[in-house]
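The values are calculated or read from the model by the stated rules, or taken from the named source; none is laboratory data. Everything numeric here is computed off the predicted structure, so don't read it as measured data. FYI the Cβ positions are ideal-geometry reconstructions off the backbone, even for glycines, and counts take in every protein chain you see. Just the protein is used for accessible areas: all its heavy atoms, side chains included, with ligands, DNA and RNA removed. Shrake-Rupley method; radii C 1.70, N 1.55, O 1.52, S 1.80 Å.
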Amino acid sequence: MSLPVAPKPALRRFHQASWDEPIIFELSTPGERGVLVTGIEPGVRDAVGDVVSELPAGLRRQAPPALPEMGQMRVLKHYLRLSQENLGADLNVDIGQGTCTMKYAPKVNEQLIRTPGLTAMHPLQDPADAQGVLEIVWQTERMLAEISGMDEVSLHTQGGSAAIWSNIAMIRAFHEANGEGEQRREVITTIFSHPSNAAAAKAAGYDVITLYPDADGYPDLEALKRALSPRTAAIMVTNPEDTGIYNPAIKEWVDAAHGVGALASYDQANANGILGITRARDAGFDVCHFNLHKTFGTPHACGGPGAGANGVSAALAPFLPGPRVAREGDRFVVREAGEQSIGAVAPFFGVIPNIVRAYSWMMALGAEGLRAVAEIAVLNNNYLMKKVLEIPGASAPYATGRRRIEQVRYSWQDLFEDTGVTSEEIGIRASDFGMHYWTSHHPYVVPQPFTLEPTESYSMAELDEYAAVLAEIAREARDDAETVRTAPHRQTVHHTHHDDLDDPERWAITWRAYQRKYFGDAAA
């Protein structure tokens, strides 16, 4: 290349690194060591004794574990190479994972949770030695109570779906305590609420009634009134829904549920656009939940660990899951779940690293900052919506012409009818531009769906870049569909077929299982 260097093109010339990196077990070399562990001091050995010999024979290993043996430099290279073969929130414009609220997780919070005072904590530690972290849990619950308007909050659960399960378990316990457990056997939800609500209700033994939008694309109040009856245990709804549409009649929904003696449960997984603007309790809800790993700036961490928060009115407070942190005077204690509680849904009293991250995030922003998060997220979303709807073939079904809150479920149906290119194929092609985009928007009520959620974290330049990539792929679909259908072309792994994924007989979910299935037991 000769100087001067040509200006960068409008679309990023991305190409993923490919190292053809072996599995770490295949890199193992007997005798190599990364760390030389200090031997046991004689005094310690004499004091502790031979602990291993006291273990029952059935619990003792007959041979050392087959761990890989490698020097530090090789370990470092191995994991750096693997990291270069991934796309993540810190590398790409991660707005294509709509409903997951992929936002910036401040790195200073990672420093906080790695301080020795937290990494050395143990959940069974004497509370007298853990007052600081217990106060953080208690303070975080109080802040979430203020944000939601609820009387009590529990941070006991370890994720959003676990929190939703806790919601329906509390609803069931409430009705049973009031002698109506056998009578109230139905739960009502909407088609664009998070599917976990219907799933949790079904798993709890309820009959689920799913409502579809009205003629204007909004949750149908009249359909709700027809579905409600003395058999109704609860409504379980998300608002705004996964379409990004906010139900302006939400108070009427809650009042209608209460009118037949049912409870109202609010899934606040999409709360990023309403922080400091509306509150669950102000609309009359009895129970709600948050996902800390969505709304409150903690990382999703490849599907875990997350953290959930359950908020309830005073009437539901006795049923909260636990154990929980409580304040007694100027001290903090851990209380086991009470007599009416649904009990433990997870071990201990919360996912401490994520609670500390969320606490730090909220304290850094303050009340005005939290409201600014919501306002910027809504502004970003509607800016991007205008850009996307300028692309021929893209549309936003339901509530046509109306603004959305923090996300939009779009459709490529028009483009599909013109070209035969699917939303899934567009998503795979997006990775060739270093962008993430997924199509897991079940149920597929919106044809050829894609959901974008810009949050407050992304700049105008990044939103413009993402929209430009979608426009380019839509152009390719019309002019060179084969390029889209055979993507990815610039990824670590190129186009694959589903045959292996569709046949359980070929699956091997660990390296050792793979070795056993395809090379025999000796190879593992």
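Report yes if some residue within region 60-69 is touching a helix residue (DSSP H, G or I) at 6+ places or on another chain (Cβ under 6 Å), surrounded by 15 or more Cβ atoms within 10 Å (Cβ to Cβ) and free of Cβ contacts under 8 Å to residues at least 60 places away in the same chain; otherwise report no.
yes
Quick grid of which residues meet (1) of a type in the set (A, V, I, L, M); (2) under 30 Å from LEU370 (Cβ atoms); (3) out of contact with any Phe, Trp or Tyr (no Cβ under 7 Å at 6 or more places or on another chain):
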| residue | (1), (2), (3) |
| --- | --- |
| LEU3 | yes, no, yes |
| PRO42 | no, no, yes |
| VAL48 | yes, no, yes |
| ALA89 | yes, yes, yes |
| ASP94 | no, yes, yes |
| THR115 | no, yes, yes |
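Can you tell me which residue is nearest to ASN310 (Cα to Cα) among those in region 165-187 that are open to solvent by less than 60 Å² (accessible area, probe 1.4 Å) and touching a Gly at 6+ places or on another chain (Cβ under 8 Å)?
Applying the filter and picking the extreme gives SER166.
Regarding region 427-444, can at least one residue be identified that is touching an Asp or Glu at 6+ places or on another chain (Cβ under 6 Å), modelled with pLDDT under 95 and either among the charged types (D, E, K, R) or crowded, with 17+ Cβ neighbours inside 10 Å (or both)?
Within region 427-444, one or more residues are touching an Asp or Glu at 6+ places or on another chain (Cβ under 6 Å), modelled with pLDDT under 95 and either among the charged types (D, E, K, R) or crowded, with 17+ Cβ neighbours inside 10 Å (or both).
Which numbered condition in (1) over 21 Å from the mean Cα position of the chain (by Cα); (2) outside any helix (DSSP H, G or I) is the only one that HIS441 fails?
It fails just one condition, (1).
Restricting region 396-411 to residues that are open to solvent by less than 10 Å² (accessible area, probe 1.4 Å) and free of Cβ contacts under 8 Å to residues at least 60 places away in the same chain, which is nearest to the chain's Cα centre (by Cα)?
Taking the candidates together, the pick is TYR410.
Which condition from (1) open to solvent by less than 40 Å² (accessible area, probe 1.4 Å); (2) at negative phi is the one that GLY520 breaks?
Here GLY520 clears every test but (2).
Just for region 7-59: of the residues that are part of a helix (DSSP H, G or I) and of a type in the set (Val, Ile, Thr), which one is least open to solvent (accessible area, probe 1.4 Å)?
Filtering region 7-59 for residues that are part of a helix (DSSP H, G or I) and of a type in the set (Val, Ile, Thr), the one least open to solvent (accessible area, probe 1.4 Å) comes out as ILE24.
Check every one of the strands (runs of 3 or more DSSP E) wholly within region 201-275 and list those with 2 or more residues that are at pLDDT 95 or above, at negative phi and open to solvent by less than 20 Å² (accessible area, probe 1.4 Å).
Strands (runs of 3 or more DSSP E) meeting the threshold: 232-238, 263-267.
Which of the following residues is closer than 30 Å to GLN491 by Cα, hydrophobic (A, V, I, L, M, F, W, C) and out of contact with any His (no Cβ under 9 Å at 6 or more places or on another chain): LEU11, LEU27, LEU67?
Result: LEU11 is the single residue among LEU11, LEU27, LEU67 that is closer than 30 Å to GLN491 by Cα, hydrophobic (A, V, I, L, M, F, W, C) and out of contact with any His (no Cβ under 9 Å at 6 or more places or on another chain).
So that you can scan it fast, the table gives a plain yes or no per residue for (1) in contact with a strand residue (DSSP E or B) (Cβ under 9 Å, 6 or more places away or on another chain); (2) modelled with pLDDT of 95 or more:
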| position | (1), (2) |
| --- | --- |
| PHE296 | yes, yes |
| ALA301 | no, no |
| ALA307 | yes, no |
| GLY311 | yes, yes |
| ALA326 | yes, yes |
